[in-house]
Structure formats: C-alpha cells, structure tokens
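The block underneath contains the structure these notes are about, expressed in structure tokens.
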Amino acid sequence: WERKNRTIKMKSSIANFIIKTSLKFRDKRNPSEYELAKEYRQFVISQKRNFKNLLLIVIGIFSASFGFKGFLLTNNFIDGGATGISLLLAAITEIPLYILIVGVNIPFIFLGYKIMGKRFAIKTALAIIGLALCVAIVPFPNVTDDDLLVAIFGGFFLGAGIGLSIRGGAVIDGTEILAIYLSRKFSTTIGDVIILINIIIFSFAAYLLSIEIALYSMITYIAASKTLDFIIEGIEEYIGVTIISSQSTRIRAMIIDTLGRGVTIYKGQGGYAKNGDTKEIDIIYTVITRLELNKLNTEIEKIEPNAFIIMNSIKDIRGGMIKKRPLKGTFLFSSGDKTQTC
C-alpha cells in the first residue's frame, strides 16, 4: 500500500508540474490552487479519453487488417467506399494494398481537413497510415477459401474495424467524408451519396473482375455496413419513452421502483378541451432498453390503459441511471419551474 501511495503521489506531482508549467507559459502568471485542481481534473479526463480513443483505433486497425488479409485480399473480393476502391485496384494491378490504402485516402484526408478540421485530419491520417503498416507488416493467415464465408466474415471484420475507428474519432475509410461534402454541396442525403458511390464501384468490379465476384462483394458490403451500424449505434438499443397520463405519480414510482430507471418530469398543459380550457399535467420521460419495453408497457397498462405513450429510438447514451439500477429511494432535482428529474 505504501508503494502504491508513493506511485500515485509521484504521478500526481508530475501531472501538477506539467499543468502548472503549462498554465504559467500560457497565461504568464502563477495559477491558484483552485485553477490547478480544475486543470488537473480536465487533464485526467482528457488523458483517459485520449487513451480510450487510441485503444479503439488500434483495435479497429487490426480488425480491418484481419478482414483484408485473412479473407478478402486472397479471394479478390472487395467492399464499398475507399477500401473497396483500394481492393479493386489491388486485384487488377500489381500495386500492394498498403500503398493503395494510403494513396486512395489522401484526397479524403485533405477534404476532412477542410470540413472537420485539423485535429480530425491528423488523427485520420495517422489511422490510415497505421492500417497500411499493419497490412504490410503483420502476418495474418488465410482463414478460408469458401466464397460465402469470405464475403460474410471479411465484411464483418472490416466493418468492425471501420466502426471502432470512428468511435475513436478517426476514419480509415474516407467515403463518409466525401458523402458529407457532397450532401452539403448538392443538398442530398449522406446515404444517397454513399449508395451512388458504391453502385459505381460495384459496376466497375462486375466489368473488371466478374459478375460473380461483384455479387459476393455486395454481400461483403452489406455485412460490413451492418456491423458498422452496430458498432457506432451501440451494442444495446435504447428507447426514449414519453408518457402523458393522469396517473403520472404512480407511473413515475413504477418506473423507479420496478424498472430501476430514472425519469424526468416536464410540466405541461393539456390542450384537448373543446372550450379552450387547459389543465396542467406531468409529462414523464425515461430511457430504457429495447428488452425492457414490453415490461414497461405491461406495467403502464395495469395503471392506466389509456395512457398516451410516444417511443423514439436512441442511437446511444451515456451517464444517468441507464447502465445500472439506482439505489433504493427517490431523488428529486429541480431546474426552474418547468422541469423536475427523479
């Protein structure tokens, strides 16, 4: 324990020295203890986030490389986007894939600098270079020669790699950057632009390789895109539920006690009366997982069958009481006169 405490104190002293020196250099003054503590907390949070992002990008790079060399490359299958262009060029030329990965993505890196900023462009460039080095250096075995397995699992590992990299704040496939740029320029949706790009890529694949390879490559793209969506949108699917009921107090207690979830109470007014009179009502909002939705509906029906319920899909969440059951009891927080949170 003494050695552990000494290590913690040493790390804290080093961090405080770095922060104090940084503040002196930046503001040219001696910071107060409060400023040091605040800066230290921000420094710790920032370093944890940077480490998490780096870990996600590294895992993404190895996953995408395994999809390339373990499945797709030896069978001449391709994917959509910039990775698909790289694989297509590797199949019809003698240029190594790791060189093509960098070369094809260079225009997208500059475009990302213009659209997303310098920090994003640098992270993306480093991630793409890391992917190219991993493909060039790290040996991966050829897992299978079965075409269907190659298409499905090659797309799975490639999509997982792209998704993890995006989670880490970088991209190893620049198609999304181009789609954002073109959607802004021509007032179209990002999905439409990506579909159009991939139609062009798979058309070239059918002409230059074969229709059979192009069809298998479309399976690869579907597997990769579904895996990508799964990684980005979160492992669990969350539902935001808005409940308008005359029994809001009982429903609120049920959500907290039975489901173990937090709720937010909005003060509203019902405008359904014909004579123009309004009635104050409590509007309940909560976030649950898809698996808990059936139980919530059942419990609400026990309390008030005619309750008005609105459900919306949520991509991902952080914080709050959704990850674990809260302690027993009710916690009330107020924000002005219109909102209360339990």
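The values are calculated or read from the model by the stated rules, or taken from the named source; none is laboratory data. Predicted, not measured: the structure shown is a model, and the values here were computed from it. A quick note on method: Cβ atoms are made from the backbone with ideal geometry, for glycine too, and the neighbour counts reach across all protein chains shown. Areas reflect the complete protein model, heavy atoms only, side chains present, ligands, DNA and RNA absent. Shrake-Rupley method; radii C 1.70, N 1.55, O 1.52, S 1.80 Å.
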(request) Please state which one of S246, S187 is open to solvent by 60 Å² or more (accessible area, probe 1.4 Å), among the small types (G, A, S) and in contact with a strand residue (DSSP E or B) (Cβ under 8 Å, 6 or more places away or on another chain). (result) S246
(request) Could you identify the single residue in I166, I177, I194 that is farther than 27 Å from T74 by Cα and touching a residue at least 40 places away in the same chain (Cβ under 8 Å)? (result) I177
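Say whether the condition of being out of contact with any helix residue (DSSP H, G or I) (no Cβ under 7 Å at 6 or more places or on another chain) and part of a helix (DSSP H, G or I) is met by at least one residue in region 151-159.
Scanning region 151-159 turns up no residue that is out of contact with any helix residue (DSSP H, G or I) (no Cβ under 7 Å at 6 or more places or on another chain) and part of a helix (DSSP H, G or I).
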(request) Exactly one condition in (1) hydrophobic (A, V, I, L, M, F, W, C); (2) farther than 30 Å from G155 by Cα; (3) surrounded by fewer than 16 Cβ atoms within 10 Å (Cβ to Cβ) is not met by L215; state its number. (result) (2)
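Here's the yes/no breakdown for (1) touching a Lys or Arg at 6+ places or on another chain (Cβ under 8 Å); (2) at pLDDT below 85; (3) within 20 Å of A132 (Cβ to Cβ):
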position	(1), (2), (3)
R6	no, yes, no
K9	no, yes, no
P31	yes, yes, no
Y34	no, yes, no
E39	no, yes, no
V44	no, yes, no
A82	no, no, yes
(message) Given (1) farther than 26 Å from D147 by Cα; (2) out of contact with any helix residue (DSSP H, G or I) (no Cβ under 6 Å at 6 or more places or on another chain); (3) surrounded by 15 or more Cβ atoms within 10 Å (Cβ to Cβ); (4) touching a residue at least 40 places away in the same chain (Cβ under 8 Å), identify the lone condition not met by L55.
(response) (3)
(message) Can you tell me how many residues within region 89-105 are surrounded by fewer than 24 Cβ atoms within 10 Å (Cβ to Cβ) and in a helix (DSSP H, G or I)?
(response) 11
(request) Would you mind telling me which numbered condition in (1) of a type outside the set (K, R); (2) at pLDDT below 80; (3) open to solvent by less than 60 Å² (accessible area, probe 1.4 Å) I177 fails? (result) (2)
(request) Of all residues in region 106-124, count the ones that are within 22 Å of F66 (Cβ to Cβ) and open to solvent by less than 30 Å² (accessible area, probe 1.4 Å). (result) 1
